[in-house]
1. Do you know which residues across the stretch 80-95 are part of a helix (DSSP H, G or I) and exposed (fewer than 14 other Cβ atoms within 10 Å of the Cβ)?
2. Have a look at Val447, Val478 and point out the one that is under 20 Å from the mean Cα position of the chain (by Cα) and among the β-branched types (Val, Ile, Thr).
3. Quick one: which residue in Arg320, Arg404 is open to solvent by less than 50 Å² (accessible area, probe 1.4 Å), among the charged types (D, E, K, R) and either farther than 27 Å from Arg288 by Cα or not in a helix (DSSP H, G or I) (or both)?
4. Every residue in the stretch 233-246 that is more than 17 Å from Ser183 (Cβ to Cβ), open to solvent by less than 60 Å² (accessible area, probe 1.4 Å) and without any contact (Cβ under 8 Å) to a residue 24 or more places away in the chain, please.
5. Answer yes if at least one residue in the stretch 462-485 is of a type in the set (Gly, Ala, Ser), closer than 24 Å to Thr321 by Cα and not in a loop (DSSP other than H, G, I, E, B), and no otherwise.
6. Here is a list: Gly337, Gly377, Gly351. Which entry is open to solvent by less than 20 Å² (accessible area, probe 1.4 Å) and on the phi > 0 side of the Ramachandran plot?
7. Tell me whether the stretch 413-421 contains one or more residues that are within 22 Å of Gln282 (Cβ to Cβ), open to solvent by 10 Å² or more (accessible area, probe 1.4 Å), outside any helix (DSSP H, G or I) and not hydrophobic (A, V, I, L, M, F, W, C).
8. Would you be able to say whether some residue in the stretch 388-397 is on the phi > 0 side of the Ramachandran plot and touching a helix residue (DSSP H, G or I) at 6+ places or on another chain (Cβ under 6 Å)?
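The values are calculated or read from the model by the stated rules, or taken from the named source; none is laboratory data. Note that the structure is predicted; figures quoted are calculated from it, not measured. Cβ atoms come from the backbone with ideal geometry, glycine included; neighbour counts cover every protein chain shown. These accessible areas exclude ligands, DNA and RNA; they are computed on the full protein's heavy atoms, side chains included. Shrake-Rupley method; radii C 1.70, N 1.55, O 1.52, S 1.80 Å.
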Amino acid sequence: LSDAPNADEEGAMAPPTTLLALWAAATAGVVVEALQVGTTTRSLERTTRALSATSTPHDGGHQVVAAAVATATTQAEMEAQFARSVQSTYGRYPVTITSGSGCELRDDLNERSYLDFVAGIATCCLGHADARLVDAVATQMKSVTHASNLYYIPQQGALAEWLAATLASDDGASSYRAFFCNSGGEANEAALKLAFKYAATRRDAPPNNDTDDWIVLTARGSFHGRTMATISATAQPKYHGPGACWKIDRFAHFDFNDPDSARQVFEEYRGRIAAVLIEPVQGEGGVRVGDPAFFRTLRELCDAEGALLMFDEVQAGVGRTGRMWAHEHLFGGAHTGAPDVVTCAKAIGGGVPLGAMLCKASCDVFAPGDHATTYGGNPLACAAGLAVARAIDDDGLVENAAERGAQLKAGLDRLVVDYAELLAEARGRGLLLGLELKAPHKAADLVTLCADEGLLVVPAGPSVVRFVPPLVVSDVHVDTALDILETALARYRTSLRSSSAAAAAAAAAAWDGALARDGRGGGEDSMYDASSNEPRRRERTPPQTDHALSCRPAPTESVS
(Lines give C-alpha, C1' and ligand atoms only; values in the text may rest on other atoms or scores of the structure.)
Protein backbone atom coordinates (compact mmCIF):
# COMPACT_ATOMS: atom_id res chain seq x y z
CA LEU A 1 0.00 0.00 0.00
CA SER A 2 2.87 2.35 0.75
CA ASP A 3 4.10 1.92 -2.84
CA ALA A 4 0.75 2.73 -4.43
CA PRO A 5 0.77 6.07 -6.30
CA ASN A 6 -1.79 8.29 -4.63
CA ALA A 7 -1.03 11.88 -5.69
CA ASP A 8 -2.80 13.65 -8.50
CA GLU A 9 -1.10 16.02 -10.91
CA GLU A 10 -1.65 18.92 -8.53
CA GLY A 11 0.00 17.02 -5.72
CA ALA A 12 -3.23 16.48 -3.71
CA MET A 13 -3.07 13.30 -1.68
CA ALA A 14 -5.97 10.89 -1.35
CA PRO A 15 -6.91 10.72 2.36
CA PRO A 16 -5.36 7.78 4.25
CA THR A 17 -8.84 6.76 5.41
CA THR A 18 -9.97 6.49 1.80
CA LEU A 19 -6.93 4.40 0.90
CA LEU A 20 -7.48 2.15 3.89
CA ALA A 21 -11.15 1.66 3.09
CA LEU A 22 -10.39 0.81 -0.53
CA TRP A 23 -7.55 -1.52 0.44
CA ALA A 24 -9.75 -3.30 2.98
CA ALA A 25 -12.47 -3.68 0.38
CA ALA A 26 -9.99 -5.01 -2.18
CA THR A 27 -8.68 -7.66 0.18
CA ALA A 28 -12.24 -8.63 1.09
CA GLY A 29 -13.33 -8.82 -2.54
CA VAL A 30 -16.32 -6.49 -2.18
CA VAL A 31 -17.71 -3.64 -4.22
CA VAL A 32 -17.36 -0.25 -2.57
CA GLU A 33 -18.80 3.17 -3.24
CA ALA A 34 -16.21 5.54 -1.79
CA LEU A 35 -17.14 8.96 -0.51
CA GLN A 36 -14.93 11.72 -1.87
CA VAL A 37 -13.78 13.92 0.95
CA GLY A 38 -10.81 16.24 0.47
CA THR A 39 -9.70 14.59 -2.77
CA THR A 40 -10.28 14.87 -6.50
CA THR A 41 -12.00 12.42 -8.80
CA ARG A 42 -8.71 11.95 -10.65
CA SER A 43 -6.73 11.08 -7.52
CA LEU A 44 -9.44 8.74 -6.29
CA GLU A 45 -9.55 6.95 -9.64
CA ARG A 46 -5.76 6.62 -9.72
CA THR A 47 -5.79 5.22 -6.19
CA THR A 48 -8.46 2.72 -7.17
CA ARG A 49 -6.54 1.60 -10.28
CA ALA A 50 -3.33 1.21 -8.31
CA LEU A 51 -4.99 -0.85 -5.59
CA SER A 52 -6.89 -2.95 -8.11
CA ALA A 53 -3.66 -3.70 -9.97
CA THR A 54 -1.78 -4.75 -6.83
CA SER A 55 -4.53 -6.77 -5.15
CA THR A 56 -5.62 -10.31 -5.89
CA PRO A 57 -9.34 -10.70 -6.63
CA HIS A 58 -11.15 -13.18 -4.43
CA ASP A 59 -13.53 -15.84 -5.72
CA GLY A 60 -16.03 -14.24 -8.02
CA GLY A 61 -13.50 -11.74 -9.35
CA HIS A 62 -15.03 -8.70 -7.65
CA GLN A 63 -13.29 -5.41 -8.34
CA VAL A 64 -13.03 -2.29 -6.26
CA VAL A 65 -15.32 0.40 -7.62
CA ALA A 66 -14.95 4.01 -6.54
CA ALA A 67 -17.68 6.50 -7.32
CA ALA A 68 -18.81 9.84 -6.04
CA VAL A 69 -21.77 9.48 -3.67
CA ALA A 70 -24.91 10.56 -5.47
CA THR A 71 -27.93 12.22 -3.87
CA ALA A 72 -31.26 10.66 -4.76
CA THR A 73 -33.46 12.88 -6.91
CA THR A 74 -36.74 10.95 -6.61
CA GLN A 75 -38.57 9.24 -3.78
CA ALA A 76 -38.07 5.89 -5.50
CA GLU A 77 -34.32 6.47 -5.70
CA MET A 78 -34.24 7.50 -2.05
CA GLU A 79 -36.07 4.38 -0.94
CA ALA A 80 -33.81 2.20 -3.14
CA GLN A 81 -30.71 3.85 -1.66
CA PHE A 82 -31.93 3.13 1.86
CA ALA A 83 -32.80 -0.44 0.92
CA ARG A 84 -29.25 -0.95 -0.34
CA SER A 85 -27.30 0.82 2.37
CA VAL A 86 -29.30 1.42 5.56
CA GLN A 87 -30.31 -1.26 8.03
CA SER A 88 -34.04 -1.87 8.32
CA THR A 89 -34.46 -0.82 11.94
CA TYR A 90 -37.20 1.71 11.20
CA GLY A 91 -40.48 1.64 9.32
CA ARG A 92 -40.46 4.85 7.30
CA TYR A 93 -43.24 6.85 5.74
CA PRO A 94 -42.75 7.95 2.10
CA VAL A 95 -41.62 11.42 3.19
CA THR A 96 -38.11 12.82 2.63
CA ILE A 97 -37.30 15.78 4.85
CA THR A 98 -34.98 18.32 3.23
CA SER A 99 -35.51 21.55 5.20
CA GLY A 100 -37.64 23.19 7.84
CA SER A 101 -38.64 26.48 9.41
CA GLY A 102 -40.53 26.98 12.63
CA CYS A 103 -43.30 24.39 12.82
CA GLU A 104 -43.09 23.45 9.15
CA LEU A 105 -41.01 20.86 7.29
CA ARG A 106 -40.27 20.69 3.58
CA ASP A 107 -39.97 17.65 1.33
CA ASP A 108 -38.35 19.02 -1.84
CA LEU A 109 -38.13 15.57 -3.40
CA ASN A 110 -41.91 15.27 -3.46
CA GLU A 111 -42.63 19.01 -3.52
CA ARG A 112 -44.62 18.87 -0.29
CA SER A 113 -44.76 20.96 2.88
CA TYR A 114 -45.93 19.66 6.24
CA LEU A 115 -47.12 21.10 9.51
CA ASP A 116 -44.89 19.30 11.99
CA PHE A 117 -46.62 17.98 15.12
CA VAL A 118 -43.91 15.36 15.67
CA ALA A 119 -40.94 17.68 16.32
CA GLY A 120 -38.44 14.85 15.99
CA ILE A 121 -40.60 12.97 18.53
CA ALA A 122 -40.84 15.71 21.17
CA THR A 123 -37.28 16.89 20.51
CA CYS A 124 -37.24 20.07 18.38
CA CYS A 125 -38.79 22.26 21.06
CA LEU A 126 -37.80 25.50 19.28
CA GLY A 127 -39.01 24.24 15.94
CA HIS A 128 -36.72 24.11 12.92
CA ALA A 129 -33.92 26.51 11.97
CA ASP A 130 -34.53 28.62 15.08
CA ALA A 131 -32.22 31.63 14.88
CA ARG A 132 -31.14 31.39 18.54
CA LEU A 133 -30.17 27.75 18.22
CA VAL A 134 -28.48 28.29 14.85
CA ASP A 135 -26.44 31.20 16.21
CA ALA A 136 -25.44 29.35 19.37
CA VAL A 137 -24.28 26.25 17.48
CA ALA A 138 -22.54 28.18 14.69
CA THR A 139 -20.72 30.42 17.16
CA GLN A 140 -19.59 27.44 19.21
CA MET A 141 -18.42 25.60 16.08
CA LYS A 142 -16.09 28.51 15.36
CA SER A 143 -14.56 28.20 18.81
CA VAL A 144 -14.33 24.58 19.99
CA THR A 145 -16.69 21.71 19.18
CA HIS A 146 -15.37 18.97 21.41
CA ALA A 147 -12.55 18.55 23.88
CA SER A 148 -12.93 15.98 26.64
CA ASN A 149 -14.42 15.58 30.08
CA LEU A 150 -10.83 15.40 31.29
CA TYR A 151 -11.05 19.21 31.29
CA TYR A 152 -13.50 21.83 32.52
CA ILE A 153 -16.12 22.82 29.94
CA PRO A 154 -17.71 26.22 30.80
CA GLN A 155 -20.89 25.55 28.84
CA GLN A 156 -21.40 22.26 30.69
CA GLY A 157 -21.10 23.90 34.09
CA ALA A 158 -23.55 26.66 33.16
CA LEU A 159 -26.14 24.23 31.80
CA ALA A 160 -25.82 21.94 34.83
CA GLU A 161 -26.44 24.89 37.13
CA TRP A 162 -29.53 25.95 35.17
CA LEU A 163 -31.00 22.45 35.20
CA ALA A 164 -30.32 22.02 38.91
CA ALA A 165 -31.98 25.36 39.63
CA THR A 166 -35.22 24.15 38.01
CA LEU A 167 -35.29 21.44 40.69
CA ALA A 168 -34.26 23.74 43.54
CA SER A 169 -36.04 23.92 46.86
CA ASP A 170 -38.33 26.83 47.67
CA ASP A 171 -35.51 28.84 49.25
CA GLY A 172 -33.56 28.69 45.98
CA ALA A 173 -31.00 26.15 47.12
CA SER A 174 -30.27 23.18 44.90
CA SER A 175 -29.06 19.76 45.89
CA TYR A 176 -28.99 18.25 42.39
CA ARG A 177 -25.93 17.41 40.30
CA ALA A 178 -25.83 16.55 36.59
CA PHE A 179 -24.18 13.90 34.46
CA PHE A 180 -24.36 14.70 30.75
CA CYS A 181 -24.71 12.22 27.91
CA ASN A 182 -26.17 12.11 24.41
CA SER A 183 -29.64 10.55 24.60
CA GLY A 184 -32.51 9.51 26.82
CA GLY A 185 -31.44 5.88 26.78
CA GLU A 186 -27.98 6.87 28.02
CA ALA A 187 -29.47 9.10 30.71
CA ASN A 188 -31.60 6.22 32.00
CA GLU A 189 -28.63 3.84 31.77
CA ALA A 190 -26.69 6.22 34.01
CA ALA A 191 -29.61 6.37 36.43
CA LEU A 192 -29.73 2.58 36.67
CA LYS A 193 -26.00 2.29 37.30
CA LEU A 194 -26.28 4.96 39.98
CA ALA A 195 -29.18 3.15 41.64
CA PHE A 196 -27.37 -0.19 41.76
CA LYS A 197 -24.21 1.37 43.18
CA TYR A 198 -26.20 3.36 45.72
CA ALA A 199 -27.89 0.17 46.91
CA ALA A 200 -24.62 -1.76 47.00
CA THR A 201 -22.74 0.90 48.97
CA ARG A 202 -25.34 2.72 51.09
CA ARG A 203 -27.93 0.04 51.88
CA ASP A 204 -27.91 -3.12 53.93
CA ALA A 205 -27.23 -6.18 51.80
CA PRO A 206 -30.23 -8.10 50.44
CA PRO A 207 -31.63 -10.94 52.57
CA ASN A 208 -29.31 -13.56 51.04
CA ASN A 209 -26.33 -11.15 51.21
CA ASP A 210 -25.94 -11.30 47.40
CA THR A 211 -25.59 -7.86 45.80
CA ASP A 212 -26.58 -9.41 42.46
CA ASP A 213 -30.09 -9.64 43.91
CA TRP A 214 -30.70 -5.88 43.76
CA ILE A 215 -33.48 -5.04 41.33
CA VAL A 216 -35.19 -1.96 39.89
CA LEU A 217 -38.98 -1.74 39.54
CA THR A 218 -40.67 -0.24 36.48
CA ALA A 219 -44.25 0.11 35.26
CA ARG A 220 -45.87 -2.02 32.59
CA GLY A 221 -46.34 -0.08 29.37
CA SER A 222 -43.19 1.95 30.01
CA PHE A 223 -40.41 2.83 27.60
CA HIS A 224 -36.93 3.73 28.87
CA GLY A 225 -34.52 3.27 25.95
CA ARG A 226 -32.79 0.82 23.64
CA THR A 227 -29.68 -0.23 25.56
CA MET A 228 -29.68 -3.72 27.07
CA ALA A 229 -30.47 -2.38 30.54
CA THR A 230 -33.06 0.20 29.51
CA ILE A 231 -34.83 -2.18 27.13
CA SER A 232 -35.04 -4.64 30.03
CA ALA A 233 -36.44 -1.88 32.22
CA THR A 234 -39.03 -1.26 29.50
CA ALA A 235 -41.93 -3.45 30.61
CA GLN A 236 -43.16 -4.28 27.10
CA PRO A 237 -42.16 -7.79 25.95
CA LYS A 238 -42.35 -6.81 22.26
CA TYR A 239 -39.12 -4.84 22.75
CA HIS A 240 -37.19 -7.69 24.40
CA GLY A 241 -36.28 -9.54 21.21
CA PRO A 242 -36.85 -13.14 20.07
CA GLY A 243 -37.10 -15.34 23.14
CA ALA A 244 -36.39 -12.26 25.30
CA CYS A 245 -32.76 -12.44 24.09
CA TRP A 246 -32.17 -8.78 24.98
CA LYS A 247 -33.67 -8.94 28.47
CA ILE A 248 -31.56 -8.69 31.62
CA ASP A 249 -33.12 -10.20 34.74
CA ARG A 250 -32.57 -7.31 37.15
CA PHE A 251 -36.06 -5.83 36.87
CA ALA A 252 -39.58 -6.44 38.13
CA HIS A 253 -42.77 -4.68 37.09
CA PHE A 254 -46.05 -3.34 38.44
CA ASP A 255 -49.15 -1.94 36.74
CA PHE A 256 -49.09 1.77 35.99
CA ASN A 257 -51.42 3.85 38.18
CA ASP A 258 -52.31 0.80 40.32
CA PRO A 259 -51.29 1.31 43.99
CA ASP A 260 -52.27 -2.24 44.96
CA SER A 261 -50.05 -3.70 42.23
CA ALA A 262 -47.13 -1.55 43.40
CA ARG A 263 -47.63 -2.58 47.04
CA GLN A 264 -47.74 -6.24 46.05
CA VAL A 265 -44.45 -6.02 44.12
CA PHE A 266 -42.77 -4.07 46.93
CA GLU A 267 -43.84 -6.76 49.36
CA GLU A 268 -42.59 -9.55 47.09
CA TYR A 269 -39.14 -8.01 46.68
CA ARG A 270 -38.77 -6.33 50.06
CA GLY A 271 -35.15 -5.66 50.97
CA ARG A 272 -33.98 -6.07 47.36
CA ILE A 273 -35.39 -2.96 45.65
CA ALA A 274 -32.70 -0.50 44.61
CA ALA A 275 -35.01 1.98 42.89
CA VAL A 276 -38.20 2.67 40.97
CA LEU A 277 -37.81 4.12 37.47
CA ILE A 278 -41.04 5.55 36.09
CA GLU A 279 -42.42 8.08 33.59
CA PRO A 280 -44.82 10.72 34.98
CA VAL A 281 -46.55 10.46 31.59
CA GLN A 282 -46.03 7.28 29.59
CA GLY A 283 -45.22 8.32 26.04
CA GLU A 284 -44.63 5.20 23.95
CA GLY A 285 -47.07 3.37 26.20
CA GLY A 286 -49.98 5.36 24.75
CA VAL A 287 -49.75 8.82 26.40
CA ARG A 288 -51.01 7.64 29.77
CA VAL A 289 -51.00 10.31 32.48
CA GLY A 290 -49.76 9.47 35.94
CA ASP A 291 -52.25 9.59 38.81
CA PRO A 292 -51.11 11.85 41.69
CA ALA A 293 -52.34 9.46 44.40
CA PHE A 294 -50.44 6.60 42.79
CA PHE A 295 -47.21 8.58 42.64
CA ARG A 296 -47.56 9.65 46.26
CA THR A 297 -47.91 5.98 47.13
CA LEU A 298 -44.69 5.24 45.21
CA ARG A 299 -42.88 7.96 47.15
CA GLU A 300 -44.03 6.45 50.44
CA LEU A 301 -43.10 2.91 49.40
CA CYS A 302 -39.63 4.01 48.24
CA ASP A 303 -39.00 5.91 51.47
CA ALA A 304 -40.02 2.89 53.56
CA GLU A 305 -37.79 0.58 51.50
CA GLY A 306 -34.86 3.00 51.26
CA ALA A 307 -35.10 2.84 47.45
CA LEU A 308 -34.51 5.73 45.07
CA LEU A 309 -37.48 7.23 43.21
CA MET A 310 -36.29 8.04 39.67
CA PHE A 311 -38.40 9.93 37.13
CA ASP A 312 -37.84 9.38 33.42
CA GLU A 313 -38.66 12.84 32.01
CA VAL A 314 -36.96 12.21 28.67
CA GLN A 315 -40.12 12.88 26.65
CA ALA A 316 -42.34 14.75 29.10
CA GLY A 317 -39.75 17.04 30.69
CA VAL A 318 -38.33 20.49 29.82
CA GLY A 319 -41.67 22.26 29.49
CA ARG A 320 -43.65 19.92 27.26
CA THR A 321 -46.53 19.30 29.69
CA GLY A 322 -47.03 22.95 30.61
CA ARG A 323 -44.70 22.68 33.61
CA MET A 324 -40.92 22.53 33.49
CA TRP A 325 -41.12 18.93 34.74
CA ALA A 326 -44.09 16.63 34.32
CA HIS A 327 -43.82 15.38 37.90
CA GLU A 328 -44.75 18.87 39.10
CA HIS A 329 -48.35 18.05 38.12
CA LEU A 330 -48.29 15.06 40.47
CA PHE A 331 -47.06 16.65 43.68
CA GLY A 332 -48.57 20.12 43.49
CA GLY A 333 -45.27 21.83 42.73
CA ALA A 334 -41.68 21.29 41.69
CA HIS A 335 -40.34 20.49 45.12
CA THR A 336 -42.96 18.58 47.08
CA GLY A 337 -42.22 14.88 46.83
CA ALA A 338 -39.17 15.67 44.74
CA PRO A 339 -37.56 12.67 43.03
CA ASP A 340 -34.12 11.40 43.93
CA VAL A 341 -33.16 11.18 40.25
CA VAL A 342 -34.49 12.88 37.10
CA THR A 343 -33.47 12.02 33.54
CA CYS A 344 -33.98 14.24 30.52
CA ALA A 345 -32.99 14.45 26.85
CA LYS A 346 -34.95 15.25 23.65
CA ALA A 347 -36.05 18.87 24.15
CA ILE A 348 -33.04 19.93 26.24
CA GLY A 349 -30.85 20.02 23.12
CA GLY A 350 -33.51 21.38 20.78
CA GLY A 351 -32.56 18.73 18.21
CA VAL A 352 -28.84 18.53 19.02
CA PRO A 353 -28.07 15.18 20.76
CA LEU A 354 -27.98 15.90 24.49
CA GLY A 355 -29.16 14.10 27.60
CA ALA A 356 -28.68 14.43 31.33
CA MET A 357 -29.15 12.47 34.54
CA LEU A 358 -29.64 14.65 37.60
CA CYS A 359 -29.53 13.24 41.13
CA LYS A 360 -29.68 14.64 44.63
CA ALA A 361 -26.33 15.15 46.28
CA SER A 362 -27.40 12.62 48.90
CA CYS A 363 -27.35 9.80 46.33
CA ASP A 364 -24.50 11.04 44.14
CA VAL A 365 -22.29 7.97 44.59
CA PHE A 366 -20.42 8.04 41.29
CA ALA A 367 -16.66 8.41 41.58
CA PRO A 368 -14.12 9.07 38.78
CA GLY A 369 -14.08 6.04 36.51
CA ASP A 370 -17.53 4.75 37.52
CA HIS A 371 -19.28 6.14 34.47
CA ALA A 372 -18.28 8.14 31.42
CA THR A 373 -19.10 9.08 27.85
CA THR A 374 -16.89 10.53 25.15
CA TYR A 375 -19.30 13.15 23.82
CA GLY A 376 -21.47 13.83 26.85
CA GLY A 377 -21.55 17.48 27.85
CA ASN A 378 -19.39 18.62 24.92
CA PRO A 379 -19.24 22.38 24.25
CA LEU A 380 -21.36 22.20 21.11
CA ALA A 381 -24.24 20.25 22.66
CA CYS A 382 -24.20 22.33 25.83
CA ALA A 383 -24.21 25.56 23.80
CA ALA A 384 -27.41 24.25 22.19
CA GLY A 385 -28.80 23.38 25.62
CA LEU A 386 -28.08 26.88 26.89
CA ALA A 387 -29.90 28.36 23.87
CA VAL A 388 -32.93 26.23 24.77
CA ALA A 389 -32.66 27.33 28.40
CA ARG A 390 -32.60 31.00 27.43
CA ALA A 391 -35.62 30.54 25.15
CA ILE A 392 -37.56 28.82 27.95
CA ASP A 393 -36.69 31.61 30.39
CA ASP A 394 -37.22 34.54 28.00
CA ASP A 395 -40.08 33.47 25.74
CA GLY A 396 -42.55 31.80 28.09
CA LEU A 397 -42.41 28.47 26.29
CA VAL A 398 -43.68 26.52 29.30
CA GLU A 399 -46.71 28.77 29.52
CA ASN A 400 -47.24 28.50 25.77
CA ALA A 401 -47.19 24.70 26.06
CA ALA A 402 -49.95 24.90 28.67
CA GLU A 403 -52.11 27.30 26.64
CA ARG A 404 -51.67 25.67 23.24
CA GLY A 405 -52.06 22.26 24.86
CA ALA A 406 -55.42 23.27 26.31
CA GLN A 407 -56.49 24.55 22.88
CA LEU A 408 -55.41 21.34 21.17
CA LYS A 409 -57.01 19.14 23.83
CA ALA A 410 -60.34 20.97 23.47
CA GLY A 411 -60.27 20.43 19.72
CA LEU A 412 -59.44 16.74 20.10
CA ASP A 413 -62.26 16.31 22.63
CA ARG A 414 -64.69 17.78 20.08
CA LEU A 415 -63.50 15.36 17.41
CA VAL A 416 -63.97 12.44 19.80
CA VAL A 417 -67.64 13.40 20.00
CA ASP A 418 -68.01 14.01 16.26
CA TYR A 419 -66.28 10.75 15.31
CA ALA A 420 -67.48 8.58 18.17
CA GLU A 421 -67.51 5.46 16.02
CA LEU A 422 -63.73 5.82 15.45
CA LEU A 423 -62.31 7.58 18.51
CA ALA A 424 -62.24 6.54 22.15
CA GLU A 425 -60.70 9.50 23.98
CA ALA A 426 -58.11 12.27 23.97
CA ARG A 427 -55.66 12.44 26.87
CA GLY A 428 -52.34 13.86 27.98
CA ARG A 429 -50.87 17.05 29.41
CA GLY A 430 -49.80 20.25 27.69
CA LEU A 431 -48.29 19.49 24.30
CA LEU A 432 -47.93 15.77 24.95
CA LEU A 433 -51.36 14.54 23.83
CA GLY A 434 -52.73 11.28 22.50
CA LEU A 435 -55.86 10.45 20.52
CA GLU A 436 -56.96 6.85 21.05
CA LEU A 437 -58.78 4.99 18.28
CA LYS A 438 -61.35 2.33 18.99
CA ALA A 439 -60.56 -1.25 18.00
CA PRO A 440 -59.93 -2.47 15.37
CA HIS A 441 -58.75 0.86 13.95
CA LYS A 442 -54.99 1.44 13.77
CA ALA A 443 -53.14 4.64 14.60
CA ALA A 444 -50.73 4.12 11.71
CA ASP A 445 -53.59 4.33 9.21
CA LEU A 446 -54.74 7.70 10.51
CA VAL A 447 -51.15 8.94 10.73
CA THR A 448 -50.71 8.12 7.03
CA LEU A 449 -53.89 9.99 6.06
CA CYS A 450 -52.79 13.01 8.11
CA ALA A 451 -49.45 13.03 6.26
CA ASP A 452 -51.32 12.84 2.95
CA GLU A 453 -53.19 15.98 4.02
CA GLY A 454 -50.04 17.79 5.20
CA LEU A 455 -49.89 17.11 8.95
CA LEU A 456 -47.16 15.03 10.56
CA VAL A 457 -48.16 13.15 13.72
CA VAL A 458 -46.76 9.92 15.18
CA PRO A 459 -48.19 6.72 16.70
CA ALA A 460 -47.75 5.91 20.39
CA GLY A 461 -48.45 2.20 20.27
CA PRO A 462 -50.93 0.50 17.92
CA SER A 463 -54.04 2.55 18.68
CA VAL A 464 -52.92 6.03 19.81
CA VAL A 465 -51.97 8.99 17.61
CA ARG A 466 -49.53 11.28 19.40
CA PHE A 467 -49.31 15.08 19.09
CA VAL A 468 -45.99 16.58 20.23
CA PRO A 469 -45.45 19.84 18.27
CA PRO A 470 -42.63 22.30 18.96
CA LEU A 471 -43.15 24.37 22.09
CA VAL A 472 -43.18 27.50 19.90
CA VAL A 473 -46.39 26.35 18.20
CA SER A 474 -49.01 29.11 17.72
CA ASP A 475 -52.78 29.15 18.02
CA VAL A 476 -53.01 29.33 14.22
CA HIS A 477 -50.85 26.20 13.92
CA VAL A 478 -53.13 24.36 16.34
CA ASP A 479 -56.30 25.38 14.50
CA THR A 480 -54.74 24.32 11.20
CA ALA A 481 -53.69 20.96 12.63
CA LEU A 482 -57.21 20.32 13.92
CA ASP A 483 -58.69 21.19 10.51
CA ILE A 484 -56.31 18.80 8.75
CA LEU A 485 -56.99 16.08 11.31
CA GLU A 486 -60.72 16.43 10.78
CA THR A 487 -60.25 16.12 7.02
CA ALA A 488 -58.18 12.98 7.56
CA LEU A 489 -60.80 11.54 9.89
CA ALA A 490 -63.53 12.20 7.33
CA ARG A 491 -61.46 10.41 4.68
CA TYR A 492 -60.84 7.57 7.09
CA ARG A 493 -64.55 7.15 7.81
CA THR A 494 -65.43 7.30 4.11
CA SER A 495 -62.72 4.75 3.26
CA LEU A 496 -64.00 2.39 5.92
CA ARG A 497 -67.57 2.67 4.68
CA SER A 498 -66.56 2.24 1.03
CA SER A 499 -64.32 -0.72 1.71
CA SER A 500 -66.96 -2.30 3.93
CA ALA A 501 -69.60 -1.93 1.18
CA ALA A 502 -67.22 -3.33 -1.43
CA ALA A 503 -66.29 -6.22 0.83
CA ALA A 504 -69.96 -6.97 1.51
CA ALA A 505 -70.76 -6.94 -2.21
CA ALA A 506 -67.83 -9.25 -2.94
CA ALA A 507 -68.91 -11.60 -0.16
CA ALA A 508 -72.47 -11.62 -1.48
CA ALA A 509 -71.25 -12.43 -4.98
CA ALA A 510 -69.11 -15.24 -3.62
CA TRP A 511 -72.10 -16.53 -1.65
CA ASP A 512 -74.30 -16.57 -4.76
CA GLY A 513 -71.54 -18.29 -6.68
CA ALA A 514 -71.40 -21.02 -4.06
CA LEU A 515 -75.18 -21.44 -4.24
CA ALA A 516 -75.04 -21.65 -8.03
CA ARG A 517 -72.37 -24.34 -7.86
CA ASP A 518 -74.66 -26.26 -5.51
CA GLY A 519 -77.49 -26.04 -8.08
CA ARG A 520 -79.40 -23.51 -5.96
CA GLY A 521 -78.60 -20.35 -7.92
CA GLY A 522 -81.37 -18.05 -9.13
CA GLY A 523 -84.99 -18.09 -7.99
CA GLU A 524 -85.84 -17.34 -4.38
CA ASP A 525 -82.41 -18.39 -3.17
CA SER A 526 -80.52 -15.97 -5.39
CA MET A 527 -78.92 -12.80 -4.00
CA TYR A 528 -80.30 -10.75 -6.92
CA ASP A 529 -83.70 -10.57 -8.62
CA ALA A 530 -83.13 -11.86 -12.15
CA SER A 531 -85.69 -9.48 -13.66
CA SER A 532 -84.43 -6.26 -12.10
CA ASN A 533 -80.81 -7.11 -11.27
CA GLU A 534 -81.40 -5.40 -7.92
CA PRO A 535 -80.46 -6.89 -4.54
CA ARG A 536 -83.25 -9.01 -3.08
CA ARG A 537 -84.10 -9.01 0.61
CA ARG A 538 -83.30 -12.35 2.15
CA GLU A 539 -82.99 -13.93 5.54
CA ARG A 540 -79.74 -15.67 4.69
CA THR A 541 -76.75 -13.49 5.72
CA PRO A 542 -73.62 -13.66 3.55
CA PRO A 543 -70.34 -14.24 5.36
CA GLN A 544 -68.66 -11.10 6.68
CA THR A 545 -65.14 -10.04 5.72
CA ASP A 546 -62.79 -7.61 7.40
CA HIS A 547 -62.76 -4.18 5.85
CA ALA A 548 -59.46 -2.78 4.64
CA LEU A 549 -58.44 0.86 4.69
CA SER A 550 -57.67 2.03 1.17
CA CYS A 551 -54.50 3.95 1.92
CA ARG A 552 -50.78 3.37 1.69
CA PRO A 553 -49.40 0.86 4.25
CA ALA A 554 -47.68 2.59 7.14
CA PRO A 555 -45.30 1.64 9.94
CA THR A 556 -47.11 0.15 12.92
CA GLU A 557 -44.66 1.13 15.62
CA SER A 558 -43.17 4.42 16.69
CA VAL A 559 -39.60 5.05 17.86
CA SER A 560 -38.35 6.95 20.87
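1. Scanning the stretch 80-95 gives Ala80, Ala83, Arg84, Ser85.
2. Val447
3. Answer to the selection: Arg320.
4. Ala235, His240, Gly241, Ala244
5. Scanning the stretch 462-485, I find at least one residue that is of a type in the set (Gly, Ala, Ser), closer than 24 Å to Thr321 by Cα and not in a loop (DSSP other than H, G, I, E, B), so the answer is yes.
6. Exactly one of Gly337, Gly377, Gly351 is open to solvent by less than 20 Å² (accessible area, probe 1.4 Å) and on the phi > 0 side of the Ramachandran plot, namely Gly377.
7. The answer is no; no qualifying residue exists.
8. So far as the stretch 388-397 goes, no, none of its residues is on the phi > 0 side of the Ramachandran plot and touching a helix residue (DSSP H, G or I) at 6+ places or on another chain (Cβ under 6 Å).
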